[in-house]
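Here's the structure we're looking at; comments come further down.
The values are calculated or read from the model by the stated rules, or taken from the named source; none is laboratory data. Quick caveat, the model's predicted, so the values are computed rather than measured. Here the Cβ positions follow ideal geometry from the backbone for every residue, glycine too, while neighbour counts run over all protein chains shown. The accessibility values were calculated without ligands, DNA or RNA, using every heavy atom of the protein model including side chains. Shrake-Rupley method; radii C 1.70, N 1.55, O 1.52, S 1.80 Å.
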Amino acid sequence: QVQLVESGGGLVQPGGSLRLSCTASRSIFSIDRMRWYRQAPGKLREFVAGFTSGDSTNYADSVKGRFTISTDNAKNTVFLQMNSLKPEDTAVYYCNAYYLQGLNYWGQGTQVTVSS
């Protein structure tokens, strides 16, 4: 098992930036995939950004060029740098740890609100 704790959410104006953090209870080297998802009110949870094999990354089309996923392996932490935020980015953001045998673990989520 792995526990995930997100932080860094908050209220920001359109065009602003936030950096989310997700700290895992074990080495992220032992986790096959680390990803970020989000869920807006009344909508399904959707993929935002993640690592594929090796250090390759992929992003949802809606955030490409604005969001960046990265890690601090020594701190077992994954980050999501979010720039040029838009009101439609408002959602609860969740960290996800995925194992290739089909196991999924989720954090508790952190609220991001983009509003003037």
- Message: Starting from 0.36 nm per residue, how many nanometres of slack lie between residue 39 and residue 1 once their C-alpha separation is accounted for?
- Response: 11.3 nm
- Message: How big is the chain along each principal axis, measuring the range of its Cα positions in Å and listing the largest first?
- Response: 41, 26, 24
- Cα gyration tensor category, rounded, prolate or oblate, for segment 49-116 with a/c compared to 1.5: prolate
- Message: About the Cα centre, and with charges only on the beta carbon of Lys, Arg (+1) and Asp, Glu (-1), how big is the dipole of the chain? Nearest 20 debye, please.
- Response: 60
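Quick one: length gained pulling residue 72 to residue 58 fully straight, 0.36 nm per residue minus the C-alpha distance? Show your work: numbers first, answer last.
On the way: separation 14, 0.36 × 14 = 5.04 nm, distance 1.80 nm.
Between residue 72 and residue 58, full extension yields an extra 3.2 nm.
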- Item | Contour excess over end-to-end distance, with Cα ends at residue 13 and residue 46 and 0.36 nm allotted per residue | 9.6 nm
- Note on the structure: Heavy-atom accessible area of the chain with neighbours in place, 1.4 angstrom probe: carbon+sulfur share in percent works out to 47
